[in-house]
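Working notes for the structure below.
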Amino acid sequence: GGAELLFDKVKEHEVKLSHDNNPWTIRKLLVWIKENLLKERPELFVQEDTVRPGILILVNDADWELVGELEYEIQNKDRIVFISTLHGG
């Protein structure tokens, strides 16, 4: 949906998250994405501690609202997809 422009035109990233005593949540992943993958205009992807309105998040093809949103604990082999529904005019 155009969000790949914020990530240096890369549409897909395969990410291996480090193991530590604190589980990875979507909230923690968003911070990591902002610090490591976003190349420009982070305000178009994140807003405060979540994604901005107009960005859908799917966890294993299910809406993140069904799995706990920001507090969802990421599991091994999860597929997390961010879809921008906003388009320029």
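The values are calculated or read from the model by the stated rules, or taken from the named source; none is laboratory data. These numbers come from a predicted model, not from an experiment. Backbone-built Cβ (ideal geometry, glycine too); neighbour counts: all protein chains shown. Heavy atoms of the whole protein, side chains included, go into the accessibility calculation; ligands, DNA and RNA do not. Shrake-Rupley method; radii C 1.70, N 1.55, O 1.52, S 1.80 Å.
Please find, within segment 21-49, the residue that is modelled with the lowest pLDDT out of those that are surrounded by 14 or more Cβ atoms within 10 Å (Cβ to Cβ) and either acidic (Asp, Glu) or assigned to a strand (DSSP E or B) (or both).
Top of the filtered list is VAL46.
When the residues of segment 68-84 are narrowed to those that are surrounded by fewer than 13 Cβ atoms within 10 Å (Cβ to Cβ) and closer than 15 Å to LYS11 by Cα, which ends up nearest to the chain's Cα centre (by Cα)?
Looking at the filtered set, the residue picked out is VAL81.
Which count do you get for residues in segment 50-71 that are in contact (Cβ under 8 Å) with a residue 12 or more places away in the chain and either under 16 Å from ILE33 (Cα atoms) or not in a loop (DSSP other than H, G, I, E, B) (or both)?
Looking only at that region, the number is 11.
Return the residue satisfying two criteria in turn: it lies in segment 52-67 and is within 12 Å of the chain's Cα centre (by Cα) and modelled with pLDDT of 90 or more, and of such residues it is farthest from LYS16 (Cα to Cα).
LEU56
Quick one: count up the residues across segment 50-67 that are among the acidic types (Asp, Glu) and open to solvent by less than 80 Å² (accessible area, probe 1.4 Å).
Result for segment 50-67: 1.
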